[in-house]
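Worksheet: the structure to be examined is printed underneath.
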Amino acid sequence: MEDELKKVMVVLAHPDDPEFFCGGTVARWVAEGKEIVYVLATRGDKGSDDPAMTPERLAELREMEQRAAAAVLGVREVIFMGYRDGELMPDLRLRRDITRLIRQVRPDVVITCDPTTRYFGSGYINHPDHRAIGDATLDAVFPSARDRLAFIELWRDEGLEPHKVRQVYISGSLEPNEKVDITDYIEKKIAALREHKSQIKDPEGLAERIRERSSQSEDGAKPPYVEEFRRIVLS
Ligand SMILES: [Zn+2]
């Protein structure tokens, strides 16, 4: 990515989404001197099938795991918005809250996920929270963060100046147009994913799956490894 794009804000729904969707890209961009801030809408309080687990305990655990994973990748800050897992809606409240964060953090680049992806292939339904966060984030980038009179209270009452995001990287898109080479960073991505201990039952299987999914080669074993995005350059 271009050198003058220094600050990156990753806006996703759950702990572990950043590492799964863009962990290699984040590691690469940190190495290139970019500053990364994570914004997560929820604390992932539904992601357990342990009957003894409570949503409160799970939220605490997953927040800790997310902070540890972010530290592995060199992410500067992790912000939790406090929405409830599994109930995210792309409504005006969510759009305004993301708009506020964009105006506070003032990123050059935003990474989010594709709200138009309803399912992948024939074996995977996209999580509704992923669609919701992608939808609200794109709407916040354009036009709400940019326009002074959009959510006027942010400017009038909170003193937040409008902000123009330069580029958006959309993960989980069925129409990617950009590949980021993560060959040198795939082991770091896997190491970060391993911090999500409550979510990973088979760490070795996970590492293999990530290598296979990221690989461009037929046998899934050789580099180059990539993460794919739909990239939008806003003029
Ligand atoms: Zn998720």
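Each reported figure results from applying straightforward, stated rules to the coordinates on display, with no laboratory input. Just so it is clear, the model here is predicted, and its values are computed rather than measured. With ideal geometry, Cβ positions are generated from the backbone for all residues, glycine too; neighbour counts draw on all protein chains shown.
Descriptive notes on the structure:
- Cα-Cα over 19 Å, subset of LYS179/LYS201; LYS46/LYS197; LYS46/LYS201: LYS179/LYS201
- Largest GNM mean-square fluctuation among LYS179, LYS201, LYS164, using the chain with Cα springs under 10 Å: LYS201.
- Only Cα sites of segment 136-235 enter the Debye sum here, all with the same form factor; the resulting log10 I(q)/I(0) across q = 0.12, 0.16, 0.23 1/Å is -0.61, -0.82, -1.13, listed in q order.
- Intensity falloff of segment 120-189 expressed as log10 I(q)/I(0), Debye formula with alpha-carbon point scatterers, at q = 0.25 Å⁻¹: -1.13
- Sorting HIS14, HIS127 by the number of Cβ atoms found within 10 Å of their own Cβ, with the fewest placed first, yields HIS127, HIS14.
- Fewest-first sequence of THR42, THR112 by Cβ atoms within 10 Å of each Cβ: THR42, THR112
- Once the Cα-Cα distance is subtracted from the 0.36 nm per residue extended length, the LYS197 to ILE152 segment shows a gain of 12.0 nm.
- Residue order, fewest to most beta carbons within 10 Å, for GLU178, GLU60, GLU153: GLU153, GLU60, GLU178
- For the pair THR116 and GLU212, label points projected 7 Å from Cα toward Cβ lie 2.9 nm apart.
- Formal net charge of residues neighbouring ILE152 (Cβ-Cβ distance under 13 Å; K, R +1; D, E -1): 0
- Once the Cα-Cα distance is subtracted from the 0.36 nm per residue extended length, the ALA52 to LEU234 segment shows a gain of 60.8 nm.
- A compact globular protein would have a Cα radius of gyration near 2.2 N^0.38 Å; the ratio found for segment 41-96 is 1.26.
- For ARG230, net neighbour charge (Lys/Arg +1, Asp/Glu -1) across residues whose Cβ lies under 13 Å away: -3
- Cα-Cα pairs of segment 177-235 separated by more than 13 Å (percent): 64
- Relative frequency of Cα-Cα separations exceeding 26 Å in segment 7-233, percent: 34
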